[in-house]
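In what follows, a structure is listed as structure tokens, so that the remarks can point back to it.
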Amino acid sequence: MNGVTPRTLLGRSAVAALILVGLIGCEYAVGRLIVAPGSSIAAFDETVRISVQVADGLVHTTGSAVTQLGNAFVLIPFAVFVGWLSRDERTWRPAMFGVVAVAGAELITQTVKRLVQRERPVGSDAYGWAFPSGHVTVAAAVSVATAALLASRVQSPVARTALWFAAALVVVAVGWSRIALGAHWFSDVVTAAVVTTVWVGVSYWVVDPVRPIPEEAANAR
């Protein structure tokens, strides 16, 4: 695989834009099903909330700590990582991949939040609409993108498996913490995780951050 040409990159970007709109539409449709009167999904969400949510103690403290992995501050070390990778490999592609993955995921989530306008669980002191989860969006975008960048650069199958497992663990942990703290419903976190992961995959396909385009390779020599 020798990388993609600028023309191919432009074509893939156009396809990605259509996919992004499609993901917004699909997630919006799911959201409308959830908030519809008599929704069985909403009823299931309530059952999960009662089972998982905690009021105090060690579990609550742990959840409060874990949920920070979905906070916006994690974008700082991620930006440093992709910036270093781009500089070390003399190609802008890792940094561009990081920007497209995170910015696109946030655009999808924030757009759907405003369209669906789902209320958070009763008693939540979290800000904004519930569906989909913003914390899970950030956690999934950063962890999956990081795993993709690192897994493509290691040879060991065990190491690759460990990277993907770690990424999945982060997403699951943050999702659990949002439910346990009463900030989100189960469907908020699951939908955010799935849609964000799909978008990161699309971003990887568009940017192809493993190898530089021919012009970059020539300039690096």
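Values as computed for the structure displayed
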| read-out | value |
| --- | --- |
| Calculated volume of the Cα convex hull per residue in Å³ (choose from [x] 152; [y] 125; [z] 115), label | [y] |
| Selected from Ala145, Ala105, Ala162 as most flexible by GNM, with the chain as the system and alpha-carbon contacts under 10 Å | Ala162 |
| Charged-residue dipole, Cβ positions (Lys, Arg, Asp, Glu), the chain about Cα centre, Debye nearest 20 | 500 |
| Degrees between helix 186-207 axis and first principal axis of the chain (Cα, 0 to 90, nearest 10) | 10 |
| Amide H partners (placed H, <5 Å) of Arg118, local residues excluded | Ala130, Phe131 |
| Region 6-206: relative contact order as a whole-number percent, Cα under 8 Å and 6+ apart | 32 |
| Computed label-point distance, nm, for sites Ala43 and Phe73 using a 7 Å Cα→Cβ extension | 4.2 |
| GNM top mover of Val35, Val99, Val154 - the chain, alpha-carbon springs below 10 Å | Val154 |
| Residue among Phe97, Phe131, Phe44 with the largest mean-square fluctuation in a Gaussian network model of the chain, springs linking Cα atoms under 10 Å | Phe44 |
| Computed [θ] at 222 nm, deg cm²/dmol, the chain (DSSP H ≥ 4; -39,500 (n - 2.57); rounded to nearest 500) | -25000 deg cm²/dmol |
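Just so you know, all these numbers are worked out from the coordinates, no wet-lab data involved. None of these values were measured; they are calculated from a predicted model. Don't worry about glycine lacking a Cβ; one is built from the backbone with ideal geometry, like all the others, and counts go over all protein chains shown.
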